[in-house]
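Heads up: the structure comes next, in structure tokens.
Here, each number is a calculation from the coordinates, and none is a lab measurement. Everything numeric in this text was worked out from a predicted model, so none of it was measured. Positions of Cβ are backbone-derived with ideal geometry, glycine not excepted, and every protein chain shown enters the neighbour counts.
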Amino acid sequence: MPVERPRWSVVIPAFNEEARLPPYLEEVVTFLAGRGEAWEVIVVDDGSADGTAAVVRAAAGRYPGVRLLRLPANRGKGAAVRAGMLAAHGDFRLFADADGATPIGEVKRLEAAFADGADVVIGSRALADPAVCVRARRHRRWAGRVFNAVVRGAGLRRVADSQCGFKAFRGPCAETLFAALETRGFGFDVELLLRAGGHGYRVAEVAVNWTDRPGGKAGVLRHGPAMLWQILRARRRLGRA
């Protein structure tokens, strides 16, 4: 009997997330299972040294739609998301951060943009919308504004928030973009969006609810310089393409 193609694939990159992942994974599964459509959740363990893999295996034992993809070593968020997206089969493919900063129910906002013809829909913490609430610490807001100004200078002038970890793609677009993705680290979002523009894909940005969670892996001081370097390298590569 043929397996039904998933309507939605949700890819969750995870590095040492045994504490933060379980409640969000349960939230994602409950949401998808209640929609009456085929679905899959792929958790990509990016070389974790804790019990992340055990947490996912336990969930997969309860829910056949959950599967674990393990990378042999820590390769970076971009590499983890790429691996998950290329392993996915859904008509629509979302990647979401393991901390659950964006509730999975925000998928409905993204679906409205797909219904309007978008190929890629990105969640945004920067767009003004009275229907959503963004809770972030002051230094995160400041750093986000600075980073987004740099991103606009790199060529993404119509994107207000390139780094929100809640982005969705039509299946064929995901396959094209992620197959070509080279940035392994936290700056991979910018390369993705630059490539989407180069392919002429219609990109829509949608305001989403978002809450800053403690224990984040990306730090402004720790990873900011590396992210900027990754963006500049991607800009040069694509400029030569």
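Taking amide H positions as placed in the peptide plane 1.01 Å from N, state which residues far from residue 90 in sequence (5 or more) or on other chains have amide H under 5 Å from it.
Residues meeting the criterion, in which the H sits 1.01 Å from N, are 9.
Per 0.36 nm of contour for each residue apart, how much would the distance between residue 131 and residue 182 grow if the chain were fully extended, relative to their Cα-Cα spacing?
Working: separation 51, 0.36 × 51 = 18.36 nm, distance 3.59 nm.
Gain on stretching residue 131 to residue 182: 14.8 nm.
For a quick check: sort 164, 133 by the number of other beta carbons within 10 angstrom, fewest at the front.
133, 164
Which trypsin sites (Lys or Arg not before Pro) does segment 7-107 hold that lie in a coil by DSSP with at most 13 other beta carbons within 10 Å?
35
Quick query: amide H of residue 166 versus all other amide H atoms, modeled in the peptide plane; which residues come in under 5 Å with a sequence gap of 5 or more or a different chain?
Those lying under 5 Å, H to H, from residue 166 are 123.
Give the relative contact order (percent, whole number) for segment 1-78; include only Cα pairs under 8 Å separated by 6+ residues.
Computed over segment 1-78, the figure is 35 percent.
Collect residues whose amide H, placed 1.01 Å from N in the peptide plane, falls under 5 Å from the amide H of residue 48; neighbours closer than 5 in sequence don't count.
Here 16 satisfy the definition.
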